[in-house]
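Scroll down for the structure; my scribbles are underneath it.
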Amino acid sequence: MQIQQARAHIMATLAGGDSPRADADVLLCHLLGCRRSYLMTWPERTLDAAQQATLQGWLSRRLNGEPIAHLVGEREFWSLPLKVSPATLIPRPDTEVLVEQALARLPPRPASPHQAPCALLDLGTGTGAIALALKSERPDADVWAVDRMPEAAALARANSVALGLSIEVRGGSWFEPLSGAPRFEMIVSNPPYIDGADPHLAEGDVRFEPRSALVADEQGLADIRLIVAGAPAHLCPGGWLLLEHGWQQGEAVRQLLLQCGYSQVETVRDYGDNERVTLGRLAR
């Protein structure tokens, strides 16, 4: 089977999915260890029997609903190739909105090497996606990341090493493992925010992701409420808190921030025009 035939076969097999063309390219690039341009340049290259068998196995798993990211063990986020596993959420494109808003509010780079770097904290880091994206754009920053699941913390550390982006990863629940940490200029988080009764938990990729990273009590607001209340003890005066949340939770999260005394509270929409990131600033 040639590359062009394999590509057509994958697209036909996965035709009922959201992105059969993109899925085909991801699978073939991973199978061949190449870039997408190679698929276009050498469409007549033949896959050997072992490669065809591997591809067919992936397709069977994909038809059973398993995420493409789990099949290849990787997902790109902010142009960074991140290792993923069933122990963490798969990074989503809409979370890049959180990174964009964070970068827009970071203090300027230090004017001299004697000036202390700004310190950032990513709560519930998972693969380390947000923390590593911020570090890639601001290598001068002191970036910390926390996750209560040991497997997730280990994966974030592994991604940090693989990408050559040094971040401090701590294992523990939310603010608990921050002994010895500095005050932060910014805290960011994509916490669990789905109501346990949400029917979407039985659909799509989320069926293969850890429920503990998806679901929160109080209609999905329990962890957000905890972070909003606990962040002031760890923020510098004038520091920012940025939270990703569900598309119907913007008003509730704004009210939580306002009730805890944050200012400049606003909600930013994602690429699908849904309310996705709410932020606020601690008083100076």
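Exactly one residue out of LEU201, LEU214 is within 28 Å of LEU282 (Cα to Cα) and open to solvent by less than 60 Å² (accessible area, probe 1.4 Å): that is LEU214. Scanning for something among the β-branched types (Val, Ile, Thr) and open to solvent by less than 20 Å² (accessible area, probe 1.4 Å), does the range 181-193 turn up at least one residue? Yes, some residue in the range 181-193 is among the β-branched types (Val, Ile, Thr) and open to solvent by less than 20 Å² (accessible area, probe 1.4 Å).
If GLN51 satisfies every condition in (1) open to solvent by 30 Å² or more (accessible area, probe 1.4 Å); (2) in contact (Cβ under 8 Å) with a residue 12 or more places away in the chain; (3) within 20 Å of VAL206 (Cα to Cα) but one, which is the exception? GLN51 satisfies all of (1) open to solvent by 30 Å² or more (accessible area, probe 1.4 Å); (2) in contact (Cβ under 8 Å) with a residue 12 or more places away in the chain; (3) within 20 Å of VAL206 (Cα to Cα) except (3). Give the residues of the range 193-231 that are under 15 Å from PRO86 (Cβ atoms) and part of a strand (DSSP E or B), sorted by residue number. Of everything in the range 193-231, nothing turns out to be under 15 Å from PRO86 (Cβ atoms) and part of a strand (DSSP E or B). With respect to ARG7, is the statement that it is over 25 Å from the mean Cα position of the chain (by Cα), farther than 16 Å from ARG62 by Cα and surrounded by 14 or more Cβ atoms within 10 Å (Cβ to Cβ) true? Spelling it out, it is not the case that ARG7 is over 25 Å from the mean Cα position of the chain (by Cα), farther than 16 Å from ARG62 by Cα and surrounded by 14 or more Cβ atoms within 10 Å (Cβ to Cβ). Selection of first residues in the range 237-265 that are in contact (Cβ under 8 Å) with a residue 60 or more places away in the chain and of second residues that are assigned to a strand (DSSP E or B) and charged (D, E, K, R), restricted to Cβ pairs under 7 Å at least 6 apart or on distinct chains, gives the following pairs, ordered by first then second residue: TRP240/ARG281; GLU244/ARG276.
The numbered conditions (1) within 18 Å of ASP205 (Cα to Cα); (2) more than 25 Å from the chain's Cα centre (by Cα); (3) assigned to a helix (DSSP H, G or I) are all true for ALA24 except (2).
Residues that are in a strand (DSSP E or B) and either at pLDDT 95 or above or open to solvent by 50 Å² or more (accessible area, probe 1.4 Å) (or both) do occur in the range 83-97, at least one of them. With respect to (1) farther than 17 Å from ALA131 by Cβ; (2) surrounded by fewer than 17 Cβ atoms within 10 Å (Cβ to Cβ); (3) in contact (Cβ under 8 Å) with a residue 40 or more places away in the chain, the lone exception for GLU176 is condition (3). Looking across ARG75, ARG92, one residue alone is of a type in the set (D, E, K, R), within 30 Å of LEU201 (Cα to Cα) and touching a helix residue (DSSP H, G or I) at 6+ places or on another chain (Cβ under 6 Å). It is ARG75. Could you tell me which residue of the range 239-284 is surrounded by the fewest Cβ atoms within 10 Å (Cβ to Cβ), considering only residues that are in contact with a Pro (Cβ under 8 Å, 6 or more places away or on another chain) and not in a loop (DSSP other than H, G, I, E, B)? Across the range 239-284, the extreme among qualifying residues is GLU244.
The values are calculated or read from the model by the stated rules, or taken from the named source; none is laboratory data. As the structure is a prediction and not an experimental result, all values here were calculated from the model. In this analysis, Cβ positions are derived from the backbone assuming ideal geometry, glycine residues included, and neighbour counts consider all displayed protein chains. What goes into the accessible areas is simple: the full protein's heavy atoms, side chains included, and nothing from ligands, DNA or RNA. Shrake-Rupley method; radii C 1.70, N 1.55, O 1.52, S 1.80 Å.
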